[in-house]
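Derivation of every value follows stated rules applied to the coordinates shown; laboratory data play no part. Fair warning: this is a prediction, and the values are worked out from it, not measured in the lab. Methodologically, a virtual Cβ is constructed for each residue, glycine included, from the backbone with ideal geometry; neighbour enumeration extends over all protein chains shown.
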Amino acid sequence: MAFVNVQVDLADLPEADTLVLEPMAPSYVSEVKTQQLIIWLPLIIASFLPVLLVQHMVLLLVPVLVLALCAIISSLVIKKSLVKGVALRERDIVYRSGLIWRKMVIIPFNRIQHVEVSSGPLQRKFGLASVKLFTAGGSSVDLKIDGLSTERAEQIRAFIASKIEDAEER
């Protein structure tokens, strides 16, 4: 049997933009804001210490710069959380992320070995969970989808688990 590898005409490919991705849970933005507050608040407080100890007005630049940096980075992180989206299709799962460098990951269900739902303390406070997908040939997480409601994460886990089971029966 001869090897055949027919070229696909790019004009015949479906439009990628027609895929409708489901955004993350609304409470995900609140979780991200809380994470940013936990990260930045100690640094902001510490930046005021030189001003209080030395009481020199020039040192006011330090907290001002820290606050500016906090505002810029936090707004980018929040915008990044709004870009994320997920879609389940008949044979695969699609996940989009990234604000500056966009990334779209598509994992076929027949490559997934197992799926896991997890949630940390902050996620549980906001009713959120993460879905972790492990594919064949890897020992670490191949795709982690944060920002899903706990109910939606369980639905996705159950759906993918049924797809994996169907593939194993064939």
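One entry in [x] 9.6; [y] 10.2; [z] 15.5 is mean projected area of the Cα convex hull in nm² calculated from the shown coordinates; its label is [z]. Which residue fluctuates most in the GNM of the chain (Cα springs below 10 Å): Glu15, Glu90, Glu151? Highest fluctuation among the options: Glu15.
By other beta-carbon atoms within 10 Å, ranking Met1, Met24, Met104 with the fewest at the front produces Met1, Met104, Met24. In terms of Cα to Cα distance under 18 Å, which aspartates and glutamates are near enough to Lys132, apart from those fewer than 8 places away along the same chain? Lys132 reaches Glu22, Asp92, Glu116, Asp142, Asp146, Glu151, Glu154, Glu165.
Of the cross-linked pairs Lys103/Lys144; Lys80/Lys144; Lys125/Lys163, those separated by over 19 Å at the C-alpha level are Lys125/Lys163. Counting Lys and Arg as +1 and Asp and Glu as -1 over every other residue whose Cβ lies under 10 Å from the Cβ of Lys144, the net charge comes to -2.
Along the chain, the longest continuous region that contains none of the chymotrypsin sites (Phe, Trp or Tyr not before Pro) in a DSSP loop with at most 16 other C-beta atoms within 10 Å is 4-100.
Once the Cα atoms are used to define both axes, helix 27-54 deviates from the longest principal axis of the chain by about 30 degrees. Annotation: extensible slack from Asn5 through Lys79 equals 22.4 nm (criterion: 0.36 nm per residue apart, minus Cα-Cα distance). When only alpha carbons of region 27-80 are considered, Rg and Dmax amount to 13.1, 42 Å. The trypsin sites (Lys or Arg not before Pro) of region 61-92 that DSSP puts in a loop, and whose beta carbon has at most 16 other beta carbons within 10 Å, are Arg89, Arg91. A Förster distance of 22 Å, applied to the separation of the beta-carbon atoms of Thr150 and Arg89, puts the FRET efficiency at 0.45. Given R₀ = 22 Å, FRET efficiency for Val105-Ser27 by Cβ-Cβ distance, to 0.05? With R0 = 22 Å, the Cβ-Cβ based efficiency is 0.40. Axis of helix 61-83 versus longest Cα principal axis of the chain: the two differ by about 20°, to the nearest ten degrees. At an R0 of 25 angstrom, the distance between the Cβ atoms of Leu67 and Leu122 translates into a FRET efficiency of 0.60. Among Gln113, Gln123, Gln55, the largest mean-square fluctuation in a Gaussian network model of the chain (Cα springs under 10 Å) belongs to Gln55.
Calculate how steeply helix 150-169 sits against the longest principal axis of the alpha-carbon atoms of the chain, using the helix alpha-carbon long axis, and give the answer as 0 to 90 degrees to the nearest 10. Roughly 30 degrees, rounded to the nearest 10.
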